[in-house]
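A quick write-up on the structure given underneath.
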Amino acid sequence: MGSRGAFVSVDKGKFSFKEGGQHYKSIGILSTNPNVKIIVQDSNNVKAPEYSHTPGRVYAVVKGGALKHLAYYDQSHNQAVSIDFAHDHKGVQPHRHVHLQHGKNLPGEPPTRLENELIKKIKKEFHLK
């Protein structure tokens, strides 16, 4: 699995990995929703993948036993929504970004009710902080 530009060209359907791209490993799927995959990356800077090999996938990114990101992907394999747990944004933590928009001037936006429900299920089932 690749990330943050690790695929050669997702737009052209080339899902082979770029040399030096970030890699993740799966530690499971959510029992109530097989489209939600729990993944880990052991590098210092943990980011949600920009692309998903599976359209419509949801990735929960874990580091050190804590949920760091929850990322939703559209039918074109692109990240549509990312929820960040690692830091606040304009006083909001966790906060969400839409289509990789991470501008400092954008307001902090909390997760939706449905996103919060999914977060609780993931944390409970995988015993995450």
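What do you reckon, is residue 38 surrounded by 13 or more Cβ atoms within 10 Å (Cβ to Cβ), free of Cβ contacts under 8 Å to residues at least 60 places away in the same chain and either touching a strand residue (DSSP E or B) at 6+ places or on another chain (Cβ under 9 Å) or assigned to a loop (DSSP other than H, G, I, E, B) (or both)?
no
Per-residue answers, yes or no, for (1) surrounded by fewer than 20 Cβ atoms within 10 Å (Cβ to Cβ); (2) at positive phi; (3) at pLDDT 95 or above:
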position	(1), (2), (3)
20	yes, yes, no
26	yes, no, no
42	yes, no, no
108	yes, no, no
116	yes, no, yes
124	yes, no, yes
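The values are calculated or read from the model by the stated rules, or taken from the named source; none is laboratory data. Note that the structure is a prediction, hence the values are computed from the model and not measured. With ideal geometry, Cβ positions are generated from the backbone for all residues, glycine too; neighbour counts draw on all protein chains shown.
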